[in-house]
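Report on one structure; see the data block that follows.
The values are calculated or read from the model by the stated rules, or taken from the named source; none is laboratory data. Just so it is clear, the model here is predicted, and its values are computed rather than measured. So basically every Cβ, Gly included, is an ideal-geometry build from the backbone, and we count neighbours across all protein chains shown. Side chains included, ligands, DNA and RNA excluded: accessible areas come from the protein's heavy atoms. Shrake-Rupley method; radii C 1.70, N 1.55, O 1.52, S 1.80 Å.
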Amino acid sequence: MSSDGWDERRGGHVVWTVIGTDIGPLLLAATREGLVNVVFHATDAVRDQALGRLASRLGTEPVQAPGSPLLAEAIRQVDAYLTGRRQDFDLPLDWSLISGFNRQVLRELAAGVPYGTVVGYGDLANRVGQPGAAQAVGAAMGANPLPVVVPCHRVVERDGGIGGFGGGLETKRRLLALEGVLPQPLF
């Protein structure tokens, strides 16, 4: 096995670690292609479930490798973002956990909705040439394997409601407050 956690004899696989953040523990997983998964609230049970899903979807057992160079830049950039020292991500992403319409929507979101802004579900549907597909955009946000980095927290309801969020509404509020879209909580 190489220093990055890669075992050439086993073919491609996934390295992962859990990092502590102000929004709770985050699981970060990467392949040689790039960051493949970010999971909120990565307690032992959530982590084990996420790793099982990754093994099933990618056909290989994820390897814990907190020191892997494959994860180092993602760890640095996520930490910098969550501590207010970074406004965007410049990471290679592995999109293999998402396809079709969902991938199209998430790529548009990542490229076209910058830090400190929000977009409505219907507006995002229009951007990908699918007017009337607001609910499908909501489903794509729920299927996002790369939350925070692919900023599904920036997608809100047309009437000004915050909308849903796989990481929980409090986490969404905190991320939007970090970006200045919502006021910071008093405590």
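Some notes on this structure:
- The chain: relative contact order as a whole-number percent, Cα under 8 Å and 6+ apart: 19
- Carbon plus sulfur fraction of accessible area for segment 15-83, probe 1.4 Å, in percent: 49
- 5 angstrom amide H check on V148, placed H, neighbours 5+ away: H153
- Nonlocal amide H pairs with V36, under 5 Å, H built at 1.01 Å: A29, A30, T31, D94
- For q = 0.20 Å⁻¹, Debye-computed log10 I/I(0) when each Cα of segment 15-83 counts as one equal scatterer: -0.76
- Rounded to 5, the percent of DSSP beta bridges in segment 15-83 classed as antiparallel: 80
- Normalised by the number of residues in segment 100-179, the mean separation of alpha-carbon contacts (under 8 Å, six or more apart) gives a relative contact order of 31 percent.
- Computed with a 1.4 Å probe over protein heavy atoms only, the accessible surface of segment 62-171 comes to 47 Å² per residue.
- When both segment 68-85 and segment 120-160 are represented by their alpha-carbon centers, they are found 25 Å apart.
- Of the solvent-accessible surface of segment 100-179, computed with a 1.4 Å probe and all protein chains present, 47% belongs to carbon and sulfur.
- Degrees between helix 44-58 axis and first principal axis of the chain (Cα, 0 to 90, nearest 10): 80
- Protection proxy ranking, peptides 174-184, 145-155, average beta carbon neighbours within 10 Å, highest first: 145-155, 174-184
- Two-decimal Rg to Rh for segment 100-179 - Kirkwood Rh, Cα set: 0.91
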